[in-house]
1. For segment B:84-102, how many residues are part of a strand (DSSP E or B), away from chain A (no Cβ under 14 Å) and surrounded by 19 or more Cβ atoms within 10 Å (Cβ to Cβ)?
2. Among A:48, A:41, which is of a type in the set (A, V, I, L, M), touching a Leu at 6+ places or on another chain (Cβ under 6 Å) and at the interface with chain B (Cβ under 9 Å from one of its Cβ atoms)?
3. Do the conditions hold for residue B:192, that is, is it touching a helix residue (DSSP H, G or I) at 6+ places or on another chain (Cβ under 9 Å), under 16 Å from residue B:240 (Cβ atoms) and either free of Cβ contacts under 8 Å to residues at least 40 places away in the same chain or not in a helix (DSSP H, G or I) (or both)?
4. Are any residues in segment B:229-253 in contact with an Asp or Glu (Cβ under 9 Å, 6 or more places away or on another chain) and either part of a loop (DSSP other than H, G, I, E, B) or on the phi > 0 side of the Ramachandran plot (or both), and if so, which ones?
5. Do you know which residues across segment B:368-378 are touching a Phe, Trp or Tyr at 6+ places or on another chain (Cβ under 8 Å) and under 21 Å from residue B:34 (Cβ atoms)?
6. Please determine whether any residue of segment A:94-111 is closer than 30 Å to residue B:303 by Cβ, away from every other protein chain (no Cβ under 14 Å) and either in a loop (DSSP other than H, G, I, E, B) or of a type in the set (Asp, Glu) (or both).
7. Restricting to segment B:170-189, and then to whatever is free of Cβ contacts under 8 Å to residues at least 60 places away in the same chain and closer than 29 Å to residue B:321 by Cβ, can you tell me which residue is farthest from the chain's Cα centre (by Cα)?
8. Mind listing just one residue for me: the one in segment B:46-69 that is buried (at least 23 other Cβ atoms within 10 Å of the Cβ) and not in a helix (DSSP H, G or I) and, of those, farthest from the chain's Cα centre (by Cα)?
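The values are calculated or read from the model by the stated rules, or taken from the named source; none is laboratory data. Bear in mind the structure is a predicted one, so any value in this text is a computation, not a measurement. All Cβ positions, glycine included, derive from the backbone under ideal geometry; neighbour counts span all protein chains shown.
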Amino acid sequence: MTQTVDRRELEELVYETCARLDEKDLQGFLGLCDPAFAYKVSAYAPEVRREMTWLDRDRAEIEEFFGMLPKHNTDRNPLSRHAQVTRVRMDAARQRAEVTSTVQIFRTQLDGGATELFAVGRYLDTISLQAGTPRLLARHVKLDTRDLGWGTHLPL
Amino acid sequence: MSRNSVQWRQRPQLPSTHYADPSIYSDPDLFEQEREKIFKKVWWLAVHESELPTPGDFRTYRHPGDAQLVIVRGEDMKIRTFLNICPHRGNLLVYTPSGNSKNLVCIFHQWAFNGKGDCVDIPREKAGYQQRVCRNDVALKEVRTEIGYGGFVWVNLDDNAPGLAGEIGGALDSMLPELEAEPMETLWYYQARLKTNFKLIHDTNSEFYHDYLHIYNRITGMLKPDSGYFQRKYTAFPGGHASVGSMNVSYESYKSSGRGQLGWPKLAPNGWKLVDLFPCITFNLRTSVLRIDSYIPLAPDDVIYEFRLLGLKSDTPEIRRQREKDSAVIWGPFGRNLHEDLLASSGQGMAMAKGSETMYVLQAREEDLTIHDEVGMRHYLVEWSRRMGRSSADPYASERVAARAA
């Protein structure tokens, strides 16, 4: 594969993860992830000058987590994720790529259809390049937004 | 059978302590009275001392009594609180929520103040003021500050209010061994702006009948006969405070709990204690983490919810990570329970907004002060009524009497 093709495939993977999550297709999202997938959401709190880790789960934990979601009361208003890949760093020796994207997440009210900005931040993705198929190995959602209102049960 | 308008607004045939007039959650005039009679009179938990560990550290705090404050650790290690305003031209003194500075220097004209609130520099002082104004004539306005109950920094705008211990009374006694077992440290601090009344969110910590909202609490407690869930008892304290006894939470019953075996010094394994303080502070010690809820009410339907998570100062990075993981299962912006709590209290805020045709709100469950008894909310509103000089069940009674007399 050429470098250009590599980057496009990686970008498509990032955008496809957004599409699967926008559709609340959590199994489809997991289908894009490596068996060793890890997921984390954090934000820096300037008030206490400390990084807060709001979610930190391995693949097994996140699968169980998804399995329990239908049993919870939850916000039904859909989220839509708009990502833009800004940097790709290949590590051929380890067959990995580090991909950074900016992301804005919007929430659209089911009642009336108004859309509001929910959060902004970055995806810091580690992508496995083994077997010629890019797979998401780790996603760290590093949020700039800390006030998320009543929050959400869904991964961002 | 459904109700017509008259039936819908009918006063319940219950003692007046067992229901509330919905206007206490939406009326702007009552809210302004709450600000004057409650918010400006009580002790508020502003920060934790671990947020200002070294001399020169400062933290800002938006006081519910409509005051901007800055909390400073001085060179003498003492923590003091001041109005965050320069006495020169009324500019905000500190713009960032935290930082460290030998002196607080106003950006506007560079007037500088030390950690005791003394003015230590006025640029071109004598050239402009000659002998009429000098640095000794001005200083920051100090606000009463006390440290207590696990190193929290409490502030009170009222110079004549009773001391902190007098206001808290014995409400935190049941949790003091755990709060004072070891020095603590703030791990998380974040805010959530919500369109609801502050009392409605505080209610979600004051009654556990709403565990029907949380499958997590049903699976790990309510449905476990040996958990002691239905034996948890409320204790009411003077001043509108209440505590809830501990239980044995069955975390392993919920898939995806992700919890380790971590506990908290002096708390029973899998234990859970909770204390609600009037008017809206909650100490919630759940097995391995201490959560502090505090609120900054801005309007009857607008509140900043402050969420703090604390661990121990002695924690290793691995233990700290586990505390955060434990917390994140149910708390935080993605937590199973907190999201549900905030959906419900925000839903109440929407449904009971001013102008809506709202019924009296029931707080009438009596179950021998056990976990589904609503004594916590009733006890709270007794204190609210005392401080407001109005019944929460009939807040406009005095105006009606005056109108009839006129």
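1. Going through segment B:84-102 one residue at a time, the tally reaches 1.
2. Step by step, each of A:48, A:41 is checked, and only A:41 is of a type in the set (A, V, I, L, M), touching a Leu at 6+ places or on another chain (Cβ under 6 Å) and at the interface with chain B (Cβ under 9 Å from one of its Cβ atoms).
3. The answer is no for residue B:192.
4. Of everything in segment B:229-253, those that are in contact with an Asp or Glu (Cβ under 9 Å, 6 or more places away or on another chain) and either part of a loop (DSSP other than H, G, I, E, B) or on the phi > 0 side of the Ramachandran plot (or both) turn out to be B:238, B:239, B:240, B:248, B:250.
5. Matches in segment B:368-378: B:376 only.
6. no
7. Looking at the filtered set, the residue picked out is B:180.
8. Among those that are buried (at least 23 other Cβ atoms within 10 Å of the Cβ) and not in a helix (DSSP H, G or I), it is B:58.
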